[in-house]
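The values are calculated or read from the model by the stated rules, or taken from the named source; none is laboratory data. In this text the structure is predicted, and so the values were computed from the model without any measurement. We place every Cβ from the backbone using ideal geometry, glycine too, and count neighbours over all the protein chains shown.
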Amino acid sequence: MSKNKKTYDVFLSYPNGLKTQAVAIIKKFEDAKLVVFDSSDIKLGKNIVEETWQALAVSWAIVTIVEPGNMPPSVAVEIGAASAWQKPIYFILTEAKGKYDMPVYFSKYEVFRISEIEKVIKLILRGLNPLSNDQKEALVRAYLKLRIPTDKLLMEPGYIEQLKKMLQHEANINISGERLMQELLRLRKSGKLAKIRN
């Protein structure tokens, strides 16, 4: 296992043929002070698969550049893992003409044109900002209303999804499941989260 402890704000996924577009997008992210993982930067002699999976695990969000046609199987695997880890997922469509054959279950993720990259940057930056006291209080209220103990929430992605929807509907707070879990653990550690017995 790699000893690298570096974390990333963005895990950038794209087919080999879209390197030019990827370079332009990476520059936009870096101009916004976001740290980006790009698998093409992995040094020779490193285990590419291991390095890629480790980077995905420690990245805040995953951004996938998509071109017309069938999506590479590797992308579906990366999206599946990011979804299981409750990470924010964004798709960037190139300006190329043609049909985008994206799996139906990808429809729940946000999709943007490459010209809308600034919107993606704003969403990622907003997600990285610490929650305000009002937002933390809204999270505690939603948690108490859901009445699912923290340990059970952490083991069941479906419950996290319910809590996310409650926060979005009742307090207009839109954060990733991973971030939500982190905030719950911080609140519990600080003694600000009442115990729920089920």
Study note, to complete from the structure: Checked pairs for the stretch 45-58, first in the same structural domain as residue 84 (by TED's automatic domain parsing), second β-branched (Val, Ile, Thr), C-beta under 8 Å and 6 or more apart or across chains, list as 48/42; 51/42; 52/42; 56/62; 58/7
Check your understanding: Can you tell me which residue in the stretch 158-176 is modelled with the lowest pLDDT, limited to those that are loosely packed, with under 15 Cβ neighbours inside 10 Å and closer than 18 Å to residue 89 by Cβ?
Key -> 174
**Study point:** Neighbours by Cβ (under 8 Å, 6+ apart or cross-chain): first from the stretch 13-40, free of Cβ contacts under 8 Å to residues at least 12 places away in the same chain; second assigned to a strand (DSSP E or B)
**Key:** 30/36
Review point. Hey, among 110, 178, 116, which residue is among the charged types (D, E, K, R), under 30 Å from residue 24 (Cβ atoms) and in contact with a Lys or Arg (Cβ under 7 Å, 6 or more places away or on another chain)?
Key: 178
Point to revise | Criterion (modelled with pLDDT of 80 or more, in the same structural domain as residue 87 (by TED's automatic domain parsing), surrounded by fewer than 18 Cβ atoms within 10 Å (Cβ to Cβ) and in a helix (DSSP H, G or I)) met by exactly one of 152, 122, 145 | key: 122
Check your understanding: For residue 107, are the conditions met, namely being in a helix (DSSP H, G or I) and within 17 Å of residue 56 (Cα to Cα)?
Key -> no
Check your understanding: Quick check, is residue 98 in a loop (DSSP other than H, G, I, E, B) and exposed (fewer than 13 other Cβ atoms within 10 Å of the Cβ)?
Key -> yes
Exercise for review: Could you tell me which of the residues 6, 33, 28, 43 is out of contact with any Pro (no Cβ under 8 Å at 6 or more places or on another chain), over 22 Å from residue 180 (Cβ atoms) and outside any loop (DSSP other than H, G, I, E, B)?
Suggested key: 28
Point to revise | Checking residue 20 against (1) under 21 Å from residue 119 (Cα atoms); (2) modelled with pLDDT under 85; (3) exposed (fewer than 13 other Cβ atoms within 10 Å of the Cβ), the condition it does not meet | key: (2)
Review point. Within the stretch 177-191, is there a residue that is small (Gly, Ala, Ser), modelled with pLDDT of 85 or more and either in contact with a Ser or Thr (Cβ under 8 Å, 6 or more places away or on another chain) or within 24 Å of residue 34 (Cα to Cα) (or both)?
Key: no
